[in-house]
Amino acid sequence: MPRHLNRHRRTARVAGPVLAVAGVLAISAWLVPASAPNVPSAVSPRTTAQPATAQAGTTAAPTTGTRPSQGSPAAGAPTAETRVPPSSMPPTTAPPPASEASTTAPPPPSEAQGSPAAADSLGGLVPDYVLPPIVDGLAPVLTKVPTEQKVVFVSIDDGAVKRDSDLALLEENGIKASLFLAHAFIAGEPQFYAKYTSAGHLIENHTMTHNLAFIHLSYEEQKAEICGMADFEEQQYGRRPVFFRPPGGPYTQDTRAAVAACGLKAIVDWEAKANAGRMDYQVGSGLRPGDIVLMHFRPEFPADLAAFVAAQKAAGLKVVLLEDYLATG
Ligand SMILES: [Zn+2]
């Protein structure tokens, strides 16, 4: 019996601190190397589901319907970041073709490329897809670019591990990437990432605090996270981000509205990622044209990049900067 009681006491004693640090763990997990191999897809049953493509219908509710439905974020799960976006997301929010011509005057492909600064990484390629406009105050969502052109896009998140050698590796492989940085990870040394912008990479928005329960925040709170980081990055790097990636991937209608209200053009998620030195695909077993690949600035970045490059070469895809392809600068 004493044993039994003892165990109880021990549990009670530990429970307080454990609860207290639970929230911190969710964040600090990103600072820790993802030593656990492939935890990612285990997080939620919904996550391994099919690509959004199947269900573009879920975009129902208009403007500010807070609907934490988009795969409730397994908030405590430390590995949530590596989780794939929930299957219910409308990935490419059906680009309204010809009919919407009035809104954005969708330029013919040749003209889409005509904007001056863009197109650096395109090497003469003329994109065949135009980013859908903001409709009803809601930013579109991409988990992949719907193209058959032999291109692939690289995104690198967070910003926790800062090494010149990682930048050098990207350069060696001729890769330009979109960096989704969160203030929480770069605040101590934001200027480090100016090296990336000088080298032609672009910095995008991944919130201020990287709160993994992001979709449970109110609209105003989400907006503060997004606008705050957009302002910070504009001030630091001289360019206002155009894309937003929510911590862990999930988003709500509120998120889409807040992204638009902060002056950004789209939410960008993914269907393929390099993690723990290997590739993980939500669909199929290799990279597809138009895939947006997720990586992180983590200790194992070199192994992740090597896994990506092998997959990219196997698939015969050219790495293009997402902002160039979508002419969003
Ligand atoms: Zn992240």
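Read-outs throughout are calculated quantities, based only on the coordinates presented, and are distinct from any laboratory measurement. Computed from a predicted model, the values in this text were never measured in an experiment. All Cβ positions, glycine included, derive from the backbone under ideal geometry; neighbour counts span all protein chains shown.
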Calc'd 3J(HN,Hα), the stretch 295-306, phi into Karplus 6.51 cos²θ - 1.76 cosθ + 1.60 (θ = phi - 60°), Hz, glycine/Pro = x, comes to 9, 9, 7, 10, x, 8, 3, x, 5, 4, 5, 4
Around K318, which amide H atoms from residues at least 5 apart in sequence, or from another chain, sit under 5 Å from its own amide H, with H modelled in the peptide plane?
V151, V152
Sorted by chain and number, the residues with a modelled amide H under 5 Å from that of V293, at a separation of 5 or more or across chains, are F153, V154, S155
Whole-Hz ³J(HN,Hα) for each residue in the stretch 312-329, computed from phi via Karplus 6.51 cos²θ - 1.76 cosθ + 1.60 with θ = phi - 60°, x for glycine and proline: what do you get?
5, 5, 4, 8, x, 9, 9, 7, 10, 6, 4, 5, 5, 5, 8, 6, 9, x
Taking L217, L142 and counting other beta carbon atoms within 10 angstrom, the fewest-first order is L217, L142
Can you give me the long-range amide H partners of D269? Hydrogens built in the peptide plane at 1.01 Å from N, cutoff under 5 Å, separation of 5 or more residues or another chain.
L142, T143
Less than 13 Å from a label point 7 Å out along the Cα-to-Cβ axis of L169: which backbone N atoms in the stretch 281-307 qualify, by residue?
295-307
Return an integer: the convex hull volume of the alpha-carbon atoms of the stretch 108-329, in Å³ per residue.
114
Which of G174, Y129, I226 sits farthest toward the positive end of the charge dipole of the stretch 118-229, with +1 on the Cβ of Lys and Arg and -1 on the Cβ of Asp and Glu?
G174
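Can you give the FRET efficiency to the nearest 0.05 for A306 and L125, using r as the Cβ-Cβ distance and R₀ = 25 Å?
The pair A306/L125 has a calculated efficiency of 0.50.
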